Amino acid sequence: MRLSLRWKIAGGFGILLLLIALLGWVTLSLFTSLRSVQRRVFDDAIPGLIAVDEIVRSYTAQSAAVRGYLIGSQPTLLGQYEDEKANAQFWQERGAELFTSGQEADLLRRIAATGTQFQELVDESVIPLATRGQRSQAFRVLGQDGTPLISQIETLGTLLRNSQDEAVMEQQSEVRARSNTTIFALIVLTIGALAVGGAMAVVLPRALVGDLSKLVDAARAVERGDFDYPLEVESQDEIGEVATRFREMQVGLKRLQQLALQDLELQIAASIQQNLVQRTLPATPGARIYPMQRQANLVGGDWYNVDVEGRTLSVVVGDASGKGIAAAMMATLALAAVRAEHTRGASPAELVQAANRTLREATEVESFTTLIYAMVDLDTGVARWLNMGHHPPFVIRSDGSGPRAHFLEGPQNRALGWFDDPGTSEATVDLAAGDRLLLFTDGFLEAKSPDGEVFGHNRFAETMQRLSALSPDALIDELTAEVERFAAGKLDDDLTMLVVEWAGTQADEPTPAQRGDQ
Amino acid sequence: MAQQKIDIDITSADGFRVLKPTGDLDVYTVGSLRDAIASILEEDTPHVVVDLDSVPFMDSSGLGALMGGVRRLREAGGDLAIACTREQHLKLFTITGFGEGVSIAPTVEEAAEGFRS
């Protein structure tokens, strides 16, 4: 179940508050109950006892006063009798207010009635007899009729008193029972509140802080560069949500780290490749060379090499399949193989065979390299070339009938790096003075327009025919601009071109690339 | 280089599989073809005809994946043939020399004949 952190905390505190409220309610009800018992004891039972005692005492006092009057004939005793009568009256009225239950009210009524009988006896018989001087008669009447009435009042008073004692006893047991219940409830509630509070104080912080600690550890691991640190937070609340996002961030950071490393490696690769590119071409008396290379990415699969051995100019333009680092590594390998074979004086056939072996051994089954290897006799203008799975070279003639531009027909050997024997068939072309031999990679031919059309061989030939009157530099610039326009500025592939212009005689001026201006 | 997926329809024919990619086969999409061929390598006699009828553009990466497929399938006792009528691709096979030794024909059925010869 998904429970938010807010509800977990609110729920815990809610239960605690509920228990505290229950504690308060139980305590309050205990006090209310005690107050009610106290009221019944102190407001009803004890004043009741006092009233009973006072009533009984006042009737006894009345009897004693009358008895004293009969003995000593002192009028003050009659006054005392009257006072006690008023006293009895007062306490009987007070008792009537206190004793409202049936039995107690009945006892009180019976006491009052007996008292009235006693007073009527005194007022109507005893005192008139004494007044008439018949004191012994009065004594006898008082002793015979009055004393039993007073005894009866005392008996009734005792009954009423016992009844009040019972009420007090009842209240005491009720207080005991209620106290026990309340203490039990208080104990249960206190234990409950302590349990909930303890759980909140121990379990909740442990759950929260435990998960937060894991997050902190994971964040520290990220700080150390460890993006694989396992973050095991299973809770379904906000912390769990943060942990999920953190794990996603770990994956993203790891990917970024990999990309940064790749970028670093790419820059190293680019630097290596840049160092391999000929910044300065060797002097080629009798020919001028115009190189052009434009990479679509930091590193690429296109490469070229220019060398002069005696009066023979060797030019190679190669293109490794694919793109990126894999292509760049293969290009570097091919270039290294070509240079190594060239240095040891291998024939063109030996050179391509050796390069083929190297590439076959060192590269994936999907990788291959195409190249054109051309040798120009700088004295005669005779050019021989080997086409290893590459597009044919191109020539721009500049004889008296005006420039003619076309692809050169010739035997097609196979790409390097895949076949056991790629073939070594050569072709030859005779260059006239001012003729230009163009070796280039497929980036020009495979440039794609936004609607998927490729630049292609025919458009390339037409463009070159149109631009053939331009200088080699201008021709390369215009061709590149035309291809870029065709691709709407989105060239995915590298562009490489070498233009070899045979002068016919020894060229006086080297090209900028040959002077090291690039 | 961000890899992109292209649709490759894999169907079964009489004793071989037909892979029909739809879209450009270049450095960005070639992984899909490579994966599709790899999935068939596990079969007993993995024979595959790749139908390039719906591939308007193929660069050296696409060609490399096809040639890598030829070598891998042959090593596994199978073979790869190509059904293609597009001039541009046929020219690429001719220029690079990859057209030699691989059965390339206008239709899938004709290309599959290469397995029996």
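Rolling a 1.4 Å probe over the protein heavy atoms leaves A:Ser101 with an accessible area of roughly 50 Å². Counting Cβ atoms of other protein chains within 10 Å of each Cβ in B:51-64 and taking the mean gives 5. Of the whole protein surface, A:Thr116 contributes about 60 Å² of accessible area at a 1.4 Å probe radius.
Lys-Lys pairs in the protein assembly as shown that are eight or more residues apart or on separate chains and whose Cα atoms lie under 28 Å of each other come to 19.
Normalised by the empirical 2.2 N^0.38 Å for globular proteins, what value does the Cα Rg of region A:231-286 take?
On the way: Rg = 23.9 Å, N = 56, 2.2 N^0.38 = 10.2 Å.
Computed over Cα atoms of region A:231-286, the ratio equals 2.36.
Per-residue accessible area (protein heavy atoms, 1.4 Å probe) orders B:Thr11, A:Thr496, A:Thr155 as A:Thr155, B:Thr11, A:Thr496, starting from the largest.
Take the Kirkwood radius over Cα pairs of chain B, plug it into Stokes-Einstein at 37 °C and 0.692 mPa s, and you get 237 µm²/s for translational diffusion. For chain A, with all protein chains in place and a probe radius of 1.4 Å, 57% of the accessible heavy-atom surface sits on carbon or sulfur. Surface analysis of region A:159-318 yields an accessible area of 57 Å² per residue, using protein heavy atoms and a 1.4 Å probe.
Residue by residue along A:440-448, Cβ atoms of other protein chains within 10 Å of the local Cβ number 2 on average. Of the peptides A:325-331, B:18-24, the order by per-residue mean of other Cβ atoms within 10 Å, starting with the highest, comes out as A:325-331, B:18-24.
Centroid-to-centroid, using Cα positions, region A:354-423 and region B:91-117 are 23 Å apart.
Stokes-Einstein diffusion for region A:208-263 at 10 °C, viscosity 1.306 mPa s, with a Kirkwood radius from C-alpha pairs, works out to 136 µm²/s.
For region A:115-198, averaging the sequence separation of C-alpha pairs within contact (under 8 Å, six or more residues apart) and dividing by the residue count gives a relative contact order of 24 percent. Note on region A:466-507 and region A:268-307: Cα centroid distance 15 Å, given to the nearest whole angstrom.
Compactness ratio for region A:5-193: Cα radius of gyration over 2.2 N^0.38 Å (N = residue count) comes to 1.71.
Computed on chain A, with alpha-carbon pairs under 8 angstrom and 6+ residues apart, the relative contact order is 13 percent. The contact between chain A and chain B removes approximately 2200 Å² from the accessible area (both sides summed; 1.4 Å probe; ligands, DNA and RNA excluded). Once the chain from A:Gln144 to A:Val277 is taken as fully extended at 0.36 nm per residue, the excess over their C-alpha distance is 32.4 nm. Sorting A:Glu366, A:Glu309, A:Glu409 by accessible area puts them as A:Glu409, A:Glu309, A:Glu366; the probe is 1.4 Å, largest comes first, and only protein heavy atoms count. Interface burial in region A:404-423, defined as at least 20 Å² less accessible area with all protein chains than with the chain alone at a 1.4 Å probe, covers A:Gln412, A:Arg414, A:Trp418, A:Phe419.
Give the relative contact order (percent, whole number) for chain B; include only Cα pairs under 8 Å separated by 6+ residues.
23 percent
Normalised per residue, the accessible area of chain B is 43 Å², obtained with a 1.4 Å probe and no contribution from ligands, DNA or RNA.
When nucleic acids and ligands are ignored and a 1.4 Å probe is applied, A:Leu149 ends up with an accessible area of around 20 Å².
Considering region A:403-511 at the alpha-carbon level, its Rg and Dmax are found to be 16.0, 47 Å.
Peptide B:95-104 has a mean shielding of 5, counted as Cβ atoms of other protein chains within 10 Å of each residue's Cβ.
In loop segments of region A:204-244 as defined by DSSP, the GluC sites (Glu not before Pro) with at most 14 further C-beta atoms inside 10 Å of their C-beta are A:Glu232, A:Glu234. Full extension of the chain between A:Ala113 and A:Arg485 yields a length gain of 120.4 nm, computed as 0.36 nm times the residue separation minus the alpha carbon distance. A straight line joining the Cα centroids of region A:1-71 and region A:202-247 runs 58 Å. Membrane-span-like helices in chain B, defined purely by DSSP H runs whose alpha carbon atoms cover 15 Å or more axially and whose average Kyte-Doolittle hydropathy reaches -1.0, are B:30-41, B:60-75. Both the radius of gyration and Dmax for chain A are 63.9, 193 Å, in that order, over alpha-carbon atoms.
The values are calculated or read from the model by the stated rules, or taken from the named source; none is laboratory data. Since the model is a prediction, treat every value here as computed from it, not as a measurement. No Cβ is skipped: glycine too gets one built from the backbone with ideal geometry, and neighbour counts run over all protein chains shown. Heads up: the accessible areas ignore ligands, DNA and RNA and are worked out on the full protein's heavy atoms, side chains in. Shrake-Rupley method; radii C 1.70, N 1.55, O 1.52, S 1.80 Å.
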